[in-house]
Structures are given as structure tokens and as C-alpha cells.
Amino acid sequence: MKSRGSEFVVVANRLPVDRVTGGDGVRSWRRSPGGLVSAIAPVMRQRQGTWIGWSGAPDEELEPFEEDGMRLHPVRQSAEELELYYEGFSNATLWPLYHDVIAPPVYDRAMWDAYVRVNQRFADAAAEVAAEGAIVWVQDYQLQLVPAMLRRLRPDLRIGFFLHIPFPPTELFMQLPWRRRILEGLLGADLVGFQLPGAAANFVRLCRQLLDARTVKQDIVLDDRTVRARAFPISVDVGELSDLVARPDVRRRAQEIRDDLGGGTVLLGVDRLDYTKGITQRLQAFGELFSDGSLKPGEAVFAQIATPSRERVEQYQLLRDQIEQQVGRINGEYAELGSPVIHYLHTSYDREELAALYLAADVMVVTPLRDGMNLVAKEYVACREDLHGALMLSEFAGAAPELRRGAFLVNPYDIDGLKETMLAAIRAEPADQARRLRAMRKRVLEHDVERWACDFLEALERPTNQAVDLTA
Ligand code: ADP
Ligand code: F6P
């Protein structure tokens, strides 16, 4: 056992920085995509821990290094493992299964074997890096076996797990050929965190049904200890965003973006290019508002920013082609020279540009078909200190219960509903916008990412092996 090491360790599939090789062969680091990194990076900077993760490139053996105030400990993945573990079991099996089977999940034994192998490597790395009695916080669906693997190696550790995406209901989870192994993997943790109470309830129910575990409310009582399942809705770094939107250069840039977009109402979508995000449905609805005469070209413009994501997975390639054809078709019909009705950008931006985009948007369109939380919705709310703007939000985003009092809620599958809600958001009176934003800002400002991390870590540190009061 280690006598020295980190007292606080985060284990995630990705490091917060991603290795990129430019066309000229020069290699550099850039921020990794996705909500997990947006949420965990500020928490890590505060707590001086070690972050274990993959560098974003195949077959790289890297020594631990420091970046942006964080100690990073890279874990290698071979090209074959990336194909089977990351693109395969994580993103072609678990991702669609956990998101309501929007795309058909692939069940493949070689992918599962790679998932087990890579999870073991992450567990070995955590066992090596963690100090005696340290807190180890394992993140997300790519690493669900790590808690049990790590407990076998280091029973002295306090192990937490947080799932950033939805956890499916029994009927869907039962499809998974390795369903018991996943539950047993998660039960290696002392605390298993989910975005919403319904997901925690799904997990507890499955432990009862599949493992015959004794459960008391949201606790799973094992022979030697109790595992707690709880909801901790994740959030955003409100301080960072409010500093950004106070900057004169960011405000100038927001005005520039508005000018470039031509003066109509600005609708904005910001998503990883992912089939869970409902991008095609929202663009269809926007296009139909022109075809049925509800909007005239020039009256409104849609900026859709799509971060490249999982580009080697077939479903993502198909989606990209579909969106690009759709944008071409709608612009072909309704654009005027120099004035497209949809601006589509397949790229990643820095935080300054994103904040400027949020400030430039009259209507933020967040319409995923299913989403664990959706940080973009909360980022928009956090940025709109001016109380101007409207948030259109899917009922199926994890953020919906928290923001329902202020958002224009919509069923993202219902094209007519999307059209009506888009028009209502476009036409909302300033006083209504302010009232709605005030309600949403109250929630987001009081429950920022620091509070989320504190809530989780405090719950993790509370002893669990006390007797559970069965009468409670
Ligand atoms: P997911 O984790 O599924 O990608 P979230 O909405 O929870 O979805 O988180 C996305 C995160 O990625 C947010 O913090 C958002 O600001 C960031 N992001 C999204 N699109 C871009 C982009 N084009 N460039 C840079 N960051 C982006
Ligand atoms: O929870 C959302 C999430 O899947 C993270 O786990 C992940 O890091 C992020 O989105 C981006 O996806 P990827 O790491 O596959 O690029």
C-alpha cells in the first residue's frame, strides 16, 4: 500500500485536455469536449487532486504532468481498445441503451472484453496513485466496473461514482447481456450518484430484481457494508461565466455576432454533434416556420454550433450527413444572397466565444431527445444577467425539473409543438423573459457546480456502514 500519493483522485475516461495533431504534424493540447470536463475541471482546480484519464490519442505513453492548475495522470489506450472499448462498448452499446435506445445498441462480446480490460487498467492506475484512505471519485458510464475492481485492490479507499448520463429503466437495462456485471461493478462504490432521483430509483430496483439485494429506500445493504444511491443534479461554474460576460471584449464580440447575423431574432443551438441532442427535429421545425409563412427570411436566424464528436462511430457519421443535407436544403429554399437562415458551424469554441454567443442569442434552443442534465441550458441562464432572452428546453433534459418554472418546455419529438414553442419564445415580452430568467437564475446561482461537488463529497465522506434503521 502507498504511503504517499493523492488524497483526492478523479478517474474519468478523458483527461480535461485532448491531444490534437495539426495538418503540419505539430501536436498540442486543447480542452476536451463535453459536460463532464466543464463540470469537473473547476472542482479539481479548487481541490488540488490528481485526474486520471486518457489523452485523446491512441497508443500514447505519457508521464504524469501539470496543466491549468491540475495534476494529470494519463492512462494509455491502444487503437484496438479505442475501437472496442471507447467507440464500441461505451458509445455504440451503453450510450444508446442509456439514452432510451434512440439508436440500436450493439451487443458484441469482443467489445465487452475490451471494456473489462480498460476498466481494469483505470482501476490499477487509481490504486497506484491514491494515498492511504484517499477519496477516489470515478466518473461516468465508460468506467462502471472500476469501483468494484478498485475496492478489491484498495479496500482502504473511500470510493464514489457519478453517472453523468441517464440510467435506464428496468425494461431497457435488462437487454444488456452483462447487466449483472455492471451492477456489481457499481456496487464497489460507497456512494453512487445520479443526475435525477428517478435514475437512482431505477438502479436500486435493478439491484433488488437482478442481484436479489436487500434494499432500504435508496440504500443497498450488502453483507459487509451499505451502498447509497442518491441524486445530485450537476451544474455549471457560475463564477467563471459571470466573469466572462462582464468582460468588455466578450460584450463587444456578442454585438459583433449579432451584427453579422443580420438583425433578426437570433436562435442558438450549442451541442456536441450527437443523435441524442434532437438537432434534426429542431431544424425541421425552424424550416417549417418559413414554409408555412409564420416567419419571413430576415425576421429570425438560427445559429447551430455542433462540436465534432465520436467521429468514427457510424451513427455519428450518418447524423452529420443528415444535418448537413438538411441545412443545405433549408438554406437553399429560404436564404437570400449573403443571408442564410441557418448558420451551421461544425467546430469547437473557447469559453470566451461561447459566452459571447450566449449573450448574442435571443432564444437558446436546447431540445435533446434525452439528456442526463444538459449544461448548455444552465450556462445560458448563468450568462443572462441582463434578464434578456428565452430558454426553450426539452422535457427530456435532466435540467427540466430544475428550470421548469422559467423555461419554454417542449416535447422534442413533436414538430408542431416545437414550432409553437419556438414562436412563443421568439415573441415573449421583455417582462415575461425577465420573470422567467429570474426564476431560473435563482435556481442555478444557488446550485452551482461547487455546491454539487460539495454535496456529493460530503455525502461520500459520511460513514455508510452504520446499521440502517429499517423502520425509518
Ligand atoms: P454533453 O456532456 O452531452 O456534451 P452538456 O450540454 O452537458 O452535454 O455539456 C456540453 C459542454 O460542452 C458545455 O459545457 C458546453 O459549453 C460545451 N460545448 C458545447 N459545444 C461546444 C462548442 N462548440 N465549443 C466549445 N464548447 C462546447
Ligand atoms: O456525460 C457526457 C459525456 O459522455 C462525457 O462522459 C464525455 O466525456 C463527454 O460527454 C464527451 O464525449 P467523449 O468523451 O466521447 O468525446
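The values are calculated or read from the model by the stated rules, or taken from the named source; none is laboratory data. Since the model is a prediction, treat every value here as computed from it, not as a measurement. In this analysis, Cβ positions are derived from the backbone assuming ideal geometry, glycine residues included, and neighbour counts consider all displayed protein chains.
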What number of residues within region 5-34 satisfy the criterion of being surrounded by fewer than 18 Cβ atoms within 10 Å (Cβ to Cβ) and free of Cβ contacts under 8 Å to residues at least 60 places away in the same chain? 10
State whether one or more residues within region 217-224 are in the same structural domain as residue 123 (by TED's automatic domain parsing), within 16 Å of ligand 2 (Cβ to nearest atom) and assigned to a loop (DSSP other than H, G, I, E, B). no
Name the helices (runs of 4 or more DSSP H) wholly inside region 91-174 in which the number of residues that are more than 16 Å from ligand 1 (Cβ to nearest atom) and at pLDDT 95 or above is 2 or more. 109-129, 146-153, 170-173
So residue 350, is it more than 16 Å from ligand 2 (Cβ to nearest atom) and either out of contact with any Gly (no Cβ under 7 Å at 6 or more places or on another chain) or not assigned by TED's automatic domain parsing to the domain that holds residue 434 (or both): yes
Looking only at residues in region 391-429 that are among the polar types (S, T, N, Q) and in contact with a Gly (Cβ under 7 Å, 6 or more places away or on another chain), which one is farthest from residue 443 (Cα to Cα)? 411
Scan region 201-216 and give yes if some residue there is within 16 Å of ligand 1 (Cβ to nearest atom) and either surrounded by fewer than 15 Cβ atoms within 10 Å (Cβ to Cβ) or under 30 Å from residue 126 (Cα atoms) (or both), otherwise no. no
Can residue 80 be described as within 16 Å of ligand 2 (Cβ to nearest atom), of a type in the set (D, E, K, R) and either closer than 22 Å to residue 184 by Cα or assigned to a helix (DSSP H, G or I) (or both)? no
Please count how many residues of region 9-34 are of a type in the set (A, V, I, L, M, F, W, C), under 19 Å from residue 144 (Cα atoms) and either part of a strand (DSSP E or B) or within 13 Å of ligand 1 (Cβ to nearest atom) (or both). 4
Can you confirm whether region 337-352 contains a residue that is free of Cβ contacts under 8 Å to residues at least 12 places away in the same chain, in a helix (DSSP H, G or I) and either among the aliphatic types (A, V, I, L, M) or surrounded by fewer than 20 Cβ atoms within 10 Å (Cβ to Cβ) (or both)? no
Here the residues within region 163-213 that are of a type in the set (Phe, Trp, Tyr) and more than 27 Å from residue 463 (Cβ to Cβ) are 173, 178
Limited to region 153-184, what total is found for residues that are acidic (Asp, Glu) and within 20 Å of residue 213 (Cα to Cα)? 2
Can you name every residue in region 301-317 that is near ligand 2 (Cβ under 10 Å from one of its atoms) and either in contact with a strand residue (DSSP E or B) (Cβ under 6 Å, 6 or more places away or on another chain) or of a type in the set (Asp, Glu) (or both)? 307, 309, 311
